[in-house]
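Each reported figure results from applying straightforward, stated rules to the coordinates on display, with no laboratory input. None of the values given here were measured: they were computed from a predicted structure. When we count neighbours, we look across all protein chains shown, and the Cβ atoms used for this are built from the backbone with ideal geometry, even at glycine.
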Amino acid sequence: MREIEPSEAEWAVAIDFLTRTGQKCDAKRQEFILMSDVLGVSMLVNAINHRRQSGATPSTVEGPFHVPNAPPMDNGANMAADAPGITCFVSGTVRGLAGEPVSGATLDLWQTDGEDCMRISAMSMGLGCAALYRTQPDGSYLIRTVAPIAYTIPMDGTVGDLMNRTNISHMRPAHIHFAINAPGYHGLVTHLFQSGDKFIQDDAVYGVKEALIVDFEKMPSGSKAPSGEIMNEPFYVVRYDFVLERKAQAAAA
Ligand code: BEZ
């Protein structure tokens with residue numbers, strides 16, 4: 001205030017903006033957190049609180065669409081059910097920094113389907129693509145889903161009013177959310193982003209990190225999928241190895 005020296009009219013506009021931001025909040029909608037996201041504050045707080053050793057997979061923002069109690073799936077099962085989109089297999093391992101496989105880690109996933117960005121707002125009611133997988137004894141996992149698409153952050157509140165007064169993108173590049181947990185290891189909340197996405201350099205919430213950008217390799221119809229089956233449609237293959245850091249007391253034991 002000392003620096004800006006607002007007029008009383010400007011001060012009243014700021015109070016009105018903050019009041020409307022609060023009024024937009026309810027049990028499902030948190031406009032203040034969205035404000036923090038688009039100002040880069042959420043990513044800064046995330047970086048401060050999740051300083052991991054080099055080699056560990058970096059974290060990023062959780063966002064508002066995590067689906068609590070997502071349905072458990074067998075390794076390789078299809079989490080997309082009849083959701084529209086191009087089939088996508090995501091596979092790899094979860095390991096510790098020393099390379100040890102992490103068996104029984106939970107991978108809690110949520111994402112858009114391949115067509116309808118608006119389904120993501122229904123996801124908090126359990127209607128979207130979300131699932132819980134577990135790693136195998138060798139630390140491996142196999143997920144069958146559909147490729148996600150880019151989508152807009154919610155623009156019908158004060159954050160939308162603010163973004164509409166700038167040239168800043170309100171889009172998030174296509175990504176899959178992961179929350180990975182295993183006893184003795186720091187939990188990891190992160191995303192995998194599709195390389196080449198139009199918005200990869202312009203994420204509205206600054207969540208993209210180089211180490212989280214992955215190739216979605218397009219395979220022609222007739223190719224063998226990571227599940228072993230021959231697919232009669234084109235599909236994507238994504239490979240990613242997650243690395244978790246042991247908690248200090250577990251590492252010392
Ligand atoms: C998301 O990942 O969908 C998201 C994250 C932060 C703000 C809005 C949306």
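Based on C-alpha pairs under 8 angstrom that are at least 6 apart in sequence, the range 8-252 has a relative contact order of 24 percent. Each 10 Å bin from 0 upward holds the following percent of the Cα-Cα pairs of the chain: 7, 28, 33, 20, 9, 3, 1.
When you filter the trypsin sites (Lys or Arg not before Pro) in the range 3-112 for DSSP loop state and at most 16 other Cβ atoms inside 10 Å of their Cβ, you are left with Lys28, Arg29, Arg51, Arg52. If the chain linking Val45 and Ser195 were pulled fully straight, counting 0.36 nm for each residue of separation and taking away their Cα-Cα distance, it would gain 51.5 nm. Once the Cα-Cα distance is subtracted from the 0.36 nm per residue extended length, the Ile230 to Phe32 segment shows a gain of 66.5 nm. Within the same chain, lysines fewer than 8 places from Lys209 are excluded, and of the rest, those with a Cα less than 18 Å from its Cα are Lys198. Computed on the range 1-149, the Cα convex hull volume stands at 148 Å³ per residue. The simple spin-label model puts a point 7 Å past each Cα toward its Cβ; for Glu5 and Asn164 those points are separated by 3.3 nm.
Applying 0.36 nm per residue to the separation of Leu18 and Asp138 and subtracting their alpha-carbon distance, the gain on full extension is 38.1 nm.
Can you compute the FRET efficiency between Ala248 and Asp74 using 1/(1 + (r/R0)^6), with r the Cβ-Cβ distance and R0 = 35 Å? Round to the nearest 0.05. Once rounded, the FRET efficiency stands at 0.55. Put in line by how crowded their Cβ is, counting other Cβ atoms within 10 Å and starting with the fewest, Val61, Val159 read Val61, Val159. When the chain is described by a simple charge dipole with +1 on each Lys and Arg Cβ and -1 on each Asp and Glu Cβ, the residue from Phe178, Val13, Gln201 located farthest towards its positive end is Phe178.
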